[in-house]
1. At SER117 and SER332, where each label point lies 7 Å from the Cα along Cα→Cβ, what is the point-to-point distance in nanometres?
2. I need the peptides 321-332, 227-238 ranked by packing, meaning the mean over residues of other C-beta atoms within 10 angstrom, with the highest value on top.
3. Suppose each label sits 7 Å from its Cα in the direction of the beta carbon; what would the ARG126-HIS283 distance come out to in nanometres?
4. Suppose R0 equals 22 Å; then what is the FRET efficiency for HIS316 and TYR27 from their Cβ-Cβ distance, rounded to the nearest 0.05?
5. Just tell me which aspartates and glutamates come within less than 18 Å, Cα to Cα, of LYS246; anything on the same chain fewer than 8 places away is out.
6. Once you list every other residue whose beta carbon is under 11 Å from the beta carbon of PRO189, what net charge do they have if Lys and Arg are +1 and Asp and Glu are -1?
7. Report the paramagnetic label zone for VAL96: residues of region 164-204 whose backbone N is under 15 Å from a point 7 Å from Cα along the Cα-to-Cβ axis.
8. Label-point separation (nm) for VAL141 and GLN106, each offset 7 Å from Cα along Cα-to-Cβ?
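Readers should treat all values here as calculations from the given coordinates under stated rules, not as data from a laboratory. Please read these numbers as outputs of a predicted model, since none were measured by experiment. Virtual Cβ from ideal backbone geometry, glycine too; neighbours counted across all protein chains shown.
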Amino acid sequence: MREIVTLQLGHLSNYTATHFWNAQEAYFTYSQDQESSVDHDVHWRPGVAADGSDTFLPRTVIYDLKGGFGSLRKINALYEDESAAVQPDVPSSSSVWPGRSVLHKQQPLEVSAYQLSLDDGRQPGRLSKSAVRYWSDFSRVYYHPKSLVQLYDFELNSSIHPFERYPMGVELFQTLDKEFDIVDRDFRPFVEECDRMQGIQALATLDDAWGGFAAKYLDELRDEYPKSCIWLWGLQSPLVDVTREKRQLRLTNTAQAIAEVRSSASMVVPLMMPERGVPSNTHVDSASPWHVSATFATAIETANLGSRMTEKAMPHAPSMWDMAEGLNMGGSQTLAGLRLGVGAVAGTLDDDNDGVDLFSFGRLASLTGKQTKRGRLFGEVNMLRGSQPDQANVAEEDTRQPPRRLIGDPVTQKFHSSLKFPILDSFRTSTRRARTSLRSRSKPYSPLLSRLALM
């Protein structure tokens, strides 16, 4: 097998990963006549539930702050042992304290209507922005209890002590690692289950304190697994309606994080919704993490699609190492940008103004809505999914005499899959017909193209 272990660091990262896991769950086939195009063993791990039944759960480790998990319980229905259940409201009679015990209990969060529908086996209705409070509100999968790690040192969205500065994340990791060796405690058990690990996929928020936490975590992973391929998808929140001071703080955090993680990761891909230059028929509400993360997840899920495809569905599909080496031709260039297109533009992202450019860190769009000129291109990986490429153009490219490649010329790799992104009821809908260069939805979506480029 060629397993991938996923690491999720931060609230926006968990929003994005939830869309990702929902899409992976949609690829399961339950009929003997259907053969899946996706090798599910890459991202999913077998196990045994409390009642002895078999389970198949995401191979991931999820970190979030206190309150960040919403109504999601660490011990879910698969691992509850009802016979050993004890009334939690009754203090133990064997307590060494001889006096009267008083129990202070915080009221649990109300489970979302979407989750209640899934628990009852009913078809849930399509979600809206107002119905999504936490990433767990639209999750369609169960997680192993060891996958969920809540950090109680900071509280989500705290106005008193916000988790928003890079050094705070560094300090938190060092404190926890000194006390628990958290990589060994939380991450190693999932690696040891792998027969032949393909690599590590990390999703981390870079523009707050999670950037510092991620930098130290990846540094530790590199020491523990020096020969492993590590991809980091570095997520950033939109800067819309953000004060000047907050904007400067976020950009500083991101710059520090990118500077540090480049030495640990095999490839770093920063992702941020552009402030301007989004195609007019693409609607993303930048104020909604559910909306923004859906766009990120679509891009990521399409870009690394080859790493989990079966040989029959995609011959010579690129592994994580193949993609990293195809981009990093010089050996020391580990920073890549991601562009995505949907619909008619998906097959032709030749113009810099086509699709949505998610590599907008440190680069502003002009008032005309056009993106500024990009730098030199070193390597590129194009992943097209959905409709077949234009056969006339393919034939023309095949018959055309390829020019002799010179040292330093960019290298472009192109891949195609007929597997469409599933549009689920947990996925955000657009008021306009989407046209983004990616693939990620469970009703068949328009053709999607994810374009990774090293610049």
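1. Spacing of the two 7 Å Cα→Cβ label points: 5.4 nm.
2. 227-238, 321-332
3. Between ARG126 and HIS283, the label points sit 1.0 nm apart.
4. For R0 = 22 Å, the calculated efficiency reads 0.60.
5. Within the straight-line cut-off, LYS246 pairs with GLU164, ASP207, ASP208, GLU275.
6. Counting the neighbours of PRO189, the net charge comes to +1.
7. none
8. So the two model labels end up 2.7 nm from each other.
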